[in-house]
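The values are calculated or read from the model by the stated rules, or taken from the named source; none is laboratory data. What you see is a predicted model; the values in this text were computed from it and never measured. Virtual Cβ from ideal backbone geometry, glycine too; neighbours counted across all protein chains shown. Just so you know, the surface numbers come from the protein's heavy atoms only, side chains and all, with ligands and any DNA or RNA stripped out. Shrake-Rupley method; radii C 1.70, N 1.55, O 1.52, S 1.80 Å.
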Amino acid sequence: STAVLGSQVGNEFLVEFFTTVADAHEGINAVTMTTAQTIFARVTNVLAPDCYALRTISITVNKLPEPIMQGGIICYDTFNNELISSYTITSGLAPSQHTFQWFNEANTIVGTGANYTAQEPGNYTLIAKRTATGCSSAPVTVAVTPSEPAVVTYTQTSNFSDFPVITINAAGTGNYVY
């Protein structure tokens, strides 16, 4: 109502919204919600009901950014306390059209680029803002899990058997494919 009234103030003004200009002229079928892209505002002076003005209002709904991210695995050597392989989380959004804030589990900003390279395991959250509209995405969180090189050992039954059995054991943090 304030945007329609501008500098006019007072209780004598009634602001209503309509989806057609005909309804606005007749003062019937006022709406409070609509999916129309154009609506009509009618300002009526309640002290003089035949005195009204119409204004066309265009409604633009801007789509929120929707980051498309995937969690991954970092490889860390726990024996030597060294990072072997980091994991880069991609936002799936154009850096020329968005700004970015990456957060770690402590809710500390850890990055501001379109992608973030995690060097520690944990949950990482991204909020992206479309530069043209100022609209921000909902927070999107992905998990980066730790892994380490497996320590492999094996045992073997006697060497000269017709059916030798070799047992291989892999130990370490992470999921391994054999």
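How many of the residues in region 54-103 are closer than 30 Å to Val151 by Cα and either of a type in the set (A, V, I, L, M) or part of a loop (DSSP other than H, G, I, E, B) (or both)? So the answer is 12.
Looking only at region 14-53, residues that are open to solvent by 60 Å² or more (accessible area, probe 1.4 Å), assigned to a strand (DSSP E or B) and of a type in the set (A, V, I, L, M, F, W, C) come to 2 in all.
In the condition set (1) β-branched (Val, Ile, Thr); (2) within 23 Å of Asn175 (Cα to Cα); (3) over 12 Å from the mean Cα position of the chain (by Cα), Thr141 is compliant with all but (3). Residues considered: Glu66, Glu105. Of these, the only one that is under 30 Å from Gln37 (Cβ atoms) and either open to solvent by 90 Å² or more (accessible area, probe 1.4 Å) or without any contact (Cβ under 8 Å) to a residue 24 or more places away in the chain (or both) is Glu66.
Can you pull out every residue in region 120-148 that is under 15 Å from Leu93 (Cβ atoms), modelled with pLDDT under 95 and assigned to a strand (DSSP E or B)? None - no residue of region 120-148 is under 15 Å from Leu93 (Cβ atoms), modelled with pLDDT under 95 and assigned to a strand (DSSP E or B), so the list stays empty. Please specify each residue of region 137-149 satisfying the condition of being touching a residue at least 40 places away in the same chain (Cβ under 8 Å), over 25 Å from Ile84 (Cβ atoms) and open to solvent by 50 Å² or more (accessible area, probe 1.4 Å). Answer for region 137-149, where residues must be touching a residue at least 40 places away in the same chain (Cβ under 8 Å), over 25 Å from Ile84 (Cβ atoms) and open to solvent by 50 Å² or more (accessible area, probe 1.4 Å): just Ala138. Applying a threshold of 9 Å to beta carbon distances and a minimum spacing of six or more residues, or different chains, the list of pairs starting in region 158-178 at a residue that is more than 20 Å from Asn81 (Cα to Cα) and open to solvent by 70 Å² or more (accessible area, probe 1.4 Å) and ending at one that is assigned to a loop (DSSP other than H, G, I, E, B) and modelled with pLDDT under 75 reads Ile168/Tyr178.
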